[in-house]
1. Quick check: from the Cα gyration tensor, does segment C:463-614 come out rounded (a/c under 1.5), prolate or oblate?
2. By average Cβ neighbour count within 10 Å, what is the ranking of C:154-165, C:176-187, A:138-149 from highest down?
3. What's the ranking of C:16-23, C:266-273 by average number of surrounding C-beta atoms within 10 Å, highest first?
4. Contact order normalised by length for chain C, with contacts defined as Cα pairs under 8 Å and 6 or more residues apart; what percent is it?
5. Taking H placed 1.01 Å from N in the peptide plane, check which residues at least 5 places from A:Met74 or on another chain put their amide H under 5 Å from its amide H.
6. Compute the separation of the alpha-carbon centres of segment C:481-541 and segment C:308-339 and state it in Å as a whole number.
7. Averaged across the residues of C:314-321, what count of C-beta atoms belonging to other chains lies within 10 Å of each residue's C-beta?
8. In this model, which of B:Lys71/C:Lys333; A:Lys58/C:Lys584; C:Lys333/C:Lys548; C:Lys333/C:Lys494; A:Lys114/C:Lys29; C:Lys349/C:Lys548 are farther than 31 Å apart at the alpha-carbon?
Amino acid sequence: MSHASHAMDAPHGVREGSMHDMHPTTTGIPSRKVALWTLIGSECLFFASLISTYLVYKGKSLVGPLPHTESQCMLHGQMQACEPIIEIPLVTFGTAVLLFSSFFIVLALYGAQKGRRGMLIGWLGATVVAGLFFVGMQVYEFTHFFHKGMGYSTNLFSSSFFTLTGFHGSHVTAGVIWLSTLLVLAIRGKIPPGKSLNLEIAALYWHFVDVVWIVIFPVVYLMR
Amino acid sequence: MDAHAHDSQAPGAQHAHPTPGLYARIALILFVLTALEVMVFEIAGGHFITSLQSVVAPVAVLILLVLSAAKFALVAMFYMHLKQDPRLLSNLFVFPIIIAAVIIISLVVLFSYWRKVGAL
Amino acid sequence: MATSVLEHAPAIHQEKSGLWSWITTVDHKRIGILYGTTAFIFFLIGGIEALIMRLQLMRPDNHLVSAEAFNSLFTMHGTTMIFLGVMPLSAMFFNYFIPLHIGARDVAFPRLNAFSYWVFLLGGLFINFSFLLNAAPNAGWFGYANLTERTYSPGLNTDFWVLGLQILGIASMAAAINFFVTIVNLRAPGMKMLRMPMFVWMSFITQILLLLAFPVITVALVFLMMDRHFGSHFFLPEGGGDPVLWQHLFWIFGHPEVYILILPAFGIVSEVLPVFSRKPLFGYTAMVFSGAFIAFLGFGVWSHHMFATGMGPIADSFFAISTMLIAVPTGVKIFNWLGTIWGGSLQFKTPLYFALGMVAMFIIGGLSGVMHSSPPADLQQTDSYFVVAHFHYVLFGGSIFGLTAGAYYWFPKMFGRMLNETIGKAHFWLMLIGFNLTFFPMHFLGLNGMPRRVYTYAAGSNFEFWNRIETWGALLLAFSLLLFVYNVVSTMRKPKTAPADPWKGATLEWLIPSPPQEFNFADVPPVNSSTPAWDLRRAGGGQLPEPKRVSGAGIHLPSPSIWPVVTACGVLGVIGSILFTHMKGWFVITLCGAAVLLFGIYRWAFEPPFPEEH
């Protein structure tokens, strides 16, 4: 049985993306895509507040460890000289992996839109693996810092560092869960070109998470 | 913001429709920019090409901001498709970024520890 | 108005009733009513908190309540009125009328809409639950560090406050995304942005402010929570932290928040004044741009709440100038409202009274606000009753009067009955007099040196006279609200006989029956201006036919869903678990909450939003 006339059909405006949108939209952009960009805009303010605090407290820690300079740390009950705690090589590699994961997911989306299932599954799988690697790198880094005497509450640097990178990492983790769900759907053939919007939206979120790291990496790791 | 057609059938000039090849080139540029960032850090710290340290160190922060802004723009415009997408979506991103930048700069200035107490 | 084949079909679209249908509803109109009812109850609770304070302050050296209890009263009064009163009352109107105003069937994400309501309800219950444990928040609605740190606030009070606000923040953020996308994307053909009703414009700007401001307080609350539970020193000087950072982060949120509180009321007044003056809104475009300018500039004035923190002359000057500047677009609005009623054919009905009352009271509140904008003057006024006067004039005189105008204006549409005019006018006059008796003398008390947030004052301090007047004023104000409640309750007993368009309104909601059918519009009429109903009325020779109720057969409506409720419970579980960090194994509660949250999200994501097609 056909629908009664939807008098609210936009007179023109080809619907972009998938059939998931039952109703045409005023802008021609699917509502979920607009919603995700709105969320991204809001998240910019969230990370800005965390980054501001990191910068405001930079150099104001009362005790070490410090990111790039030597300092005095409380270790084993005594104040001792301690080394700068940031180690560039691993985090640089993780940064590169996260950057490449954005490339992978763009390819996965291309595959989804063109109906190339192998391309979709392969590159989406690669994205998930890259994301897991990044999270793993962070977990390793945090554990390593902890063993070197920097816990969450050790000093202002540690608290602001762990809060900022921790929230970023949890955003990555949420993204990995989301993408893994989509990967399972893709393997089951539930992401045909008509439903590629689902992946497009997840990909936008994923790129945003990458973009936040593009800001965090120099600010935290590369600025003395 | 009235309804407008986004023509998804346009034959792909690279500007109208990115190809995997373009995406790959962007990935490479991102990688190179990241390597440059690390290089700036190491030079400024005197661990690499020490002769350049005195030149680079004072402007290291500026160079890093420019490099990261470039990476940001590349991911946003190409991977996030903003270059081809309706302007509304770019605005949804840019406007909050401006407010965010204002807040970061304001807080840093208000708390800058080189100020004498009460002198700002 | 186009006739439709639907009009002749038998009525088969029955709206469901019963508790379950309300729990699983995704209909924006029902969600609006849920918001409004819940918010009004919280508003009354906040009012009782105020009355107790006023009774305590009626006499010097009074002992009706202890100092500690008084701290909880002013904290909860402020928190309740802002987050559980004004904001959700505005949300009632966002929910009910934004889709109707733009000619849509519902919001962009109906289940997300329901989710926002349930999270709001759970958050409001959570924070008030603290009263039962004698641990109500007691460090002010603005929670200044380091009073709110564990050293000085060792109990659960501040934890209830921090966590409650986080929960409520999620509700606001979800709703803001929803309404933002709805306004951008679900407008009827012909409904260009610059033809939208002013209520929609002000609501749109409010959503943008919500989206940009709430993340900042979220971060501030996270830092405070980390300090209290996990040993950090974000706001603790003994660890190098700066308590003033809390104030910055809080007010970067807090100032846009006050615009969030007032803009919807501005929007309502901009709807009511034209209809009851039988004249279009004066300067529509200027109203839009001044609203947008207020919002944008609102992010640049926050430290005017901090003139007494020693920021230094340059920072003080910057924020003083930006604050003075923001008076300009506000003034534009006031003049445009006056321009609207000037020369109009005034219909002296209750909505008009409250709208005019709002304008008048807001002018007074705005004047005292501009007085605060000068740092030297503010050093005298800050932390005194002068500030209490100012913000009650803008928040009560502004927001509440505006929302009340909306209530009287839109009640017939929402409930199909007309509120009693005589009682309405009595409500207005008694509320106006009571309000001014309560709050105007606070200007004098403040300038004479009575501080804020004091539970008593000494005999002979010269504060007695005005405090007594204020308490009588507050009781009169409370009585006027009882009149309103009586009006509503007695009106709801009457049959639904209100016409579709009792006020000769200008906007789309007046073209459908009162109350609307579930699907809102069978056919959306053409929109060629910002006053489509007036256009149709003019085309019809001054008459509009009473719209018929139709069957709605074949119209697809989103299915009800339980998953928003479940997901909301997950949110409560995760955030509320932080209350228990002093117990071993507290993290198990977090994990259980997360499990419920994830379960809710997955079931929601995989549930088709519409009934399956055959």
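1. It is oblate, given that a/c is not under 1.5 and a/b is not larger than b/c.
2. Peptide ranking by packing, descending: C:176-187, C:154-165, A:138-149.
3. Order by mean packing, descending: C:266-273, C:16-23.
4. 19 percent
5. A:Gly64, A:Gln80
6. Answer, in whole Å: 38.
7. What the average comes to for C:314-321 is 2.
8. B:Lys71/C:Lys333; A:Lys58/C:Lys584; C:Lys333/C:Lys548; C:Lys333/C:Lys494; A:Lys114/C:Lys29
Coordinate-derived values only; no laboratory data. Just so you know, these numbers come straight off a predicted model, no measurement behind them. Methodologically, a virtual Cβ is constructed for each residue, glycine included, from the backbone with ideal geometry; neighbour enumeration extends over all protein chains shown.
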